[in-house]
Amino acid sequence: MAGTAVRRRLTWQVATVAAVRDETATVRTIELRAADWAGHRAGQHLDVRLTAEDGYTAERSYSIASAPGEPVAITVQRLDDGEVSPYLTTELRAGDELEVRGPIGGYFVWDADDAASPLLLAAGGSGIVPLRSILRHRARSGTLVPARLLYSARSLPDVIYRSELDQYTNSVSVTYALTRQAPNGWTGHRGRVDATLLAGVAWRTGRDPIAYVCGPTSFVETVAAGLVSLGYPPQHVKTERFGGPGGP
């Protein structure tokens, strides 16, 4: 089914909103029901199209937040000057309909079948979304492949899926880097991800690890370059970036 999901001709279809859940003050997860959904792989994305009464349309791409085999879901961060995200995060309700197209992408994906290399996942801000799909896929598959997550966010309230990520304590090493505000007594990393933090979190290259890095351009470039300098082969550092040059 995974191969079919990549190769099939992509067409728009109507999906019904099954549920919405606020993750943070500006982020919402939207679960969809689409009758013709072919299934997806962890790390893929889909397109959403909104059409106004006057016929004007706006399209945006969103990473899929759910694991293969789960109902398809996206997680959207509100951009106050955006055309699509304000509607999706404030006005959309269960029972509403959206036009969607997907799944899309075959590069930034991870399959549990026959996986052997340790996983290093690095997220900046809402870059956690496709990595959440990978983590859920890993958990559902029962694979013993070890995984570590490095997540850079402005503050703890800005950590998307925080309660879910905290449940991985015994199976995934989760490291937060808080760039703007840290609570009293915080003993974790303060500031942006740097070479020292990355060297402490990254798997040793002798274990042949594979890394998935997603976030704003500056974050992705910093982490990817840092991993290569630690000895990671460039082909083992898969990246996906969004938005402008800024970081979390």
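Things to note:
- Of the strands (runs of 3 or more DSSP E) lying entirely inside region 149-248, those containing at least 2 residues that are surrounded by 20 or more Cβ atoms within 10 Å (Cβ to Cβ) and either of a type outside the set (A, V, I, L, M, F, W, C) or assigned by TED's automatic domain parsing to the domain that holds Arg78 (or both) are 210-216.
- Where a residue in region 59-88 is within 15 Å of Ala18 (Cα to Cα) and its partner, wherever it lies, is among the aromatic types (Phe, Trp, Tyr), with Cβ under 6 Å and at least six apart: Val72/Trp37; Ile74/Tyr62
- Residues that are hydrophobic (A, V, I, L, M, F, W, C) and either buried (at least 16 other Cβ atoms within 10 Å of the Cβ) or in contact (Cβ under 8 Å) with a residue 12 or more places away in the chain (or both) within region 31-57 comprise Leu32, Ala34, Ala35, Trp37, Ala38, Ala42, Leu46, Val48, Leu50, listed in sequence order.
- Filtered residues of region 125-147 (kept if buried (at least 24 other Cβ atoms within 10 Å of the Cβ) and in a loop (DSSP other than H, G, I, E, B)): none
- Restricting Arg28, Arg9 to residues that are surrounded by 14 or more Cβ atoms within 10 Å (Cβ to Cβ) and of a type in the set (Lys, Arg) narrows the list to Arg28.
- Cβ pairs under 9 Å, 6+ apart, first in region 159-171 and at pLDDT 90 or above, second in a helix (DSSP H, G or I) and among the polar types (S, T, N, Q): Ile160/Ser126
The values are calculated or read from the model by the stated rules, or taken from the named source; none is laboratory data. Please read these numbers as outputs of a predicted model, since none were measured by experiment. Counting neighbours? That spans all protein chains shown, and the Cβs are built from the backbone with ideal geometry, glycine included.
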